[in-house]
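Q: Below you'll find the structure I mean.
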Amino acid sequence: MAMACHDQDVTLLSFWPSPFSMRVKLALLLKGIEHEDLPQDLGNKSKLLLESNPVHKKVPVLIHKGKPIAESAIIVHYIDEVWPGTSPLLPQDAFLRAQHRFWTDFFEKKISDSLDRFIRSNGAAVNEEFIQDCLLLEGALAELGDEEEGPFFGGASMSFLDVMLAPSAVWIPALEQVMGLKPTSQEQCPRLHKLFGAVTEHPSAKVALPQIEKLKEFTQARLVSDHHVWIAKASP
Amino acid sequence: MSKGSVKVLSFWSSMFGLRVHYALDLKGVSYEYQEENLFNKSKELLEANPIYAKIPVLIHNGKPICESLIIVDYIDSVWPNPHKLLPEDPYKKAVARFWADFGDKKVYDAGSRLIRATTEEERKKASEDLKWALMKIDEALGTIAPRKPFFGGDSMNFADVALAPFICWFKGYQKVGGFVLPGPEEWPNLHKWVTAVKSVEAIRKSTPSEDKVAEFAEVIRKRAIGSA
């Protein structure tokens, strides 16, 4: 038995194209948490996945010391609370924390939802809505992020909201190039563009996020096969 | 206890609004309440929540916080005592957050579809989904806090506060959607939980009458059918 037997004992049930899975991977890497990454076959769910997340049967799931945690935002909160020392993610201030959670929730309700519908409609729907919502996010960045300190909501280093948004840095270009999604221009959202640029350059993100080319292949294959094991259905 | 001015913008029957009331009342925090007319929203609401223009909104020292679970989390941070809602242990905290989130994703969603269903097929699906969701809660209570009344054990925690507002809507789900809650023989934990929640004075304080809520559910349904 050659496993690293730390009292940490961290396992991630993952699915590489899932933006929710990417968030958790990124949080683990930012904090330097050793973990076992177990990619899941969502068309043939493992006993471990079904036992670890019996309610939703979705990825990602983090298993820490044998106890499972599900839902990406909840998992990242957990990671931040258990390993607070390195790369703290949630702000100290209660009001700022509420803002990070609010914009994460906004992203889920609006932007993620628009992208979902865009994909399902094969590129026919909601592009305009998506742009309007990105403009709102740009506004949030202007309000919450200190441009002098750095490109992220967290300034020079990534914070909770940056981690939650990071997968868009690869997903939006993939959808743009494969399905003709029109993202916001650099003139419309200069800081958001800078943020996503900084994400793709970040050493932890380079490992946690798949290459855009791989995502493009994945998207293309799904379009061709009409196989509806889609990201949105597959993970929360 | 005073930590500045606290104001709540809400609507009497809103489950999301009730979460905020419950959190503040359990902690004995004084606040000003403003009932919103959802067909004629106040300037204050529109300025406090420009993204969604929805209630509830908590305005603390002039700063607005939106989205009910985010508000409850905030309240628990600013007024940790008395009655801390989120457990200290990170795993227990994650479990509490999970079930609160489950309330939104599964219970509220099914209940909302039930009331607004325009076909029998929609109604039946929503009813089944609601039944499944409540069954999961019954199971969870048995696993997480066996032989205890609440998710939080002897007292209400974050998950209890998130889910408690559904209780006053059960009559409405029955009246409008024909949803009949299985009895205590089938769901002992859920029923024990409902009885325990209803016995908490702080909860009784702002919970509206189930009959009034059921009437209101009827109004929502009529509007949904009318516009279908």
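Q: Return one whole number: the accessible area per residue of the protein assembly as shown in Å², for a 1.4 Å probe.
A: Accessible area per residue, the protein assembly as shown: 45 Å².
Q: Calculate, axis by axis, the spread of Cα positions in chain A along the three principal axes, and write the results as whole Å, longest axis first.
A: Sorted from largest, the Cα extents of chain A read 54, 46, 29 Å.
Q: Net charge near A:Glu108: determine it from the other residues with C-beta under 13 Å of the C-beta of A:Glu108, scoring Lys and Arg +1 and Asp and Glu -1. Mind dumping the intermediate values first?
A: Working: positive: A:Arg23, A:Arg101, A:Lys109, A:Lys110, B:Lys105; negative: A:Glu71, A:Asp105, A:Asp113, A:Asp116, A:Asp133, B:Glu67, B:Asp101, B:Asp104.
Combined, the nearby Lys, Arg, Asp and Glu give -3.
Q: Summing +1 for each Lys or Arg and -1 for each Asp or Glu, what net charge is found among the other residues whose Cβ lies under 13 Å from the Cβ of B:Asn157?
A: Net charge in that neighbourhood comes out at +1.
Q: What size of dipole, in debye to the nearest 20, comes out for chain B about its Cα centre when the only charges are +1 on Lys and Arg C-beta atoms and -1 on Asp and Glu C-beta atoms?
A: Here the size comes out at about 160 debye.
Q: Jot down the radius of gyration and Dmax of the stretch B:1-158, Cα atoms only, both in angstrom.
A: 17.2, 51
Q: Local charge sum around B:Lys222 (other residues, Cβ-Cβ under 13 Å, Lys/Arg +1, Asp/Glu -1)?
A: Values: positive: B:Arg116, B:Lys175, B:Arg221, B:Arg223; negative: B:Glu215, B:Glu218.
Within the 13 Å Cβ shell, the charges total +2.
Q: Give the average, rounded to an integer, of partner chain Cβ atoms located within 10 angstrom of each Cβ in B:91-103.
A: 5
Q: List the accessible area buried at the contact between B and A, summed over both sides and calculated with a 1.4 Å probe, in Å² to the nearest 100. Display every interim value, and only then the final one.
A: Values: alone 11370 and 11590 Å², together 20720 Å².
Interface area, both chains combined: 2200 Å², rounded to the nearest 100.
Q: Next question. Relative to the isolated chain, which residues of the stretch B:56-71 have their accessible area cut by 40 Å² or more in the presence of all protein chains (1.4 Å probe, heavy atoms, no ligands or nucleic acids)?
A: Residues meeting the cut-off: B:Lys63, B:Glu67, B:Ile70.
Q: With the dipole of the protein assembly as shown worked out from charges on the C-beta (+1 for Lys and Arg, -1 for Asp and Glu) around the Cα centre, which of A:Val126, A:Met164, A:Asn44 lies farthest toward the positive end?
A: Going by the Cα projections, it comes out as A:Asn44.
Q: In whole percent, and with a 1.4 Å probe on the protein chains, what portion of the accessible area of the stretch A:152-219 is carbon and sulfur?
A: Heavy-atom surface of the stretch A:152-219 belonging to carbon and sulfur, 1.4 Å probe: 53 percent.
Q: Let me ask something else about it. How much of the accessible area of the stretch A:1-106, in percent, comes from carbon and sulfur atoms when a 1.4 Å probe is used?
A: Result for the stretch A:1-106: 55 percent of the exposed heavy-atom area is carbon or sulfur.
Q: May I ask you to derive the relative contact order of chain B, considering only C-alpha pairs under 8 Å and at least 6 residues apart, and to give it as an integer percent?
A: Values: 307 pairs, mean separation 47.3, N = 228.
Answer for chain B is 21 percent.
Q: Right, here's the next one. From other protein chains only, count the Cβ atoms within 10 Å of every residue's Cβ in A:70-78, then give the mean.
A: Per-residue shielding by partner chains comes out at 4.
The values are calculated or read from the model by the stated rules, or taken from the named source; none is laboratory data. Keep in mind that what you see is a predicted model, and the values were worked out from it rather than measured. Cβ sites come from the backbone with ideal geometry, for glycine too, and all protein chains shown count toward neighbours. The accessibility values were calculated without ligands, DNA or RNA, using every heavy atom of the protein model including side chains. Shrake-Rupley method; radii C 1.70, N 1.55, O 1.52, S 1.80 Å.
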